[in-house]
Structures are given as structure tokens and as C-alpha cells.
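The values are calculated or read from the model by the stated rules, or taken from the named source; none is laboratory data. Values in this document were obtained by computation on a predicted structure and should not be read as measured data. All Cβ positions, even for glycine, are placed from backbone atoms using ideal geometry, and neighbour counts span all protein chains on display.
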Amino acid sequence: EDSAEEEYQKMTQANKVTKTLKDQDVAYKTQEFKGLDKSVADLTADRETTDTELSAVLEYYAKIKARCIAKPETYEARKQRREAEIKGLKEALAILEDETAFVQRGKRGSFGHFLGMPGQ
């Protein structure tokens, strides 16, 4: 009986020590969990901020890229621009020819008349 009681006391004492150690372990693990949970929350917030900044940078890059990268002119646009330039040059040539003819006729007529020479 004494040995059974001693065995019981030893077992009870061992259980108390084990329970105390496990309670302490739970307390430390809970504290560690709370710290890690806070770290996860901070890192999640940092990631959201970084994602927002990345979106803004990519949007700005798209705007800059659209303005900076030369786009080839389409055939239709080149053709239309060329035709408009030819039309403008033809109009300028016609105006210059009319003015030249007018100036030449005016010079002959007025110059000859001024000197008293008919028909020059």
C-alpha cells in the first residue's frame, strides 16, 4: 500500500509539473501567436499599400508609354496628308502663275504707255 501511495504521489507530482509546463507552453505559444498575427496584419497592410502604389505606377507608365512611343502612320493617313499637300502646292502654283502673268502684263502695258511706246 505504501508503495502504491508513493507511486500515486510521484505520479500526481509529475502530472502537476507536466501541467504547469504545458500551461506555460500554452501561454508562450499564445503570446507568440499574437505577435505573429500582428506581423501578418502589418505585412498585409504593407502589401496592400505596395499593390496600390504599383497600380498607380503602372497606370502612369501606360500614359507615358502612349505619349512616348511613336506609332506608325497608317497608309490612309499618309495618302490623305500627301494629297492635301499636293492640293496646297497646286493652289500656290496657280496663284503664283496668275500673279506672274498679271505682273508681266501690267509691266508691259504700263511701262510702254509710260514711255510713249505702244505695244511693248
### Task
For G106, state whether it is touching a Pro at 6+ places or on another chain (Cβ under 9 Å) and either in a helix (DSSP H, G or I) or at pLDDT 90 or above (or both).
no
### Query
Here are some conditions: (1) loosely packed, with under 10 Cβ neighbours inside 10 Å; (2) modelled with pLDDT of 95 or more. E5 meets all but one. Which one does it not meet?
(2)
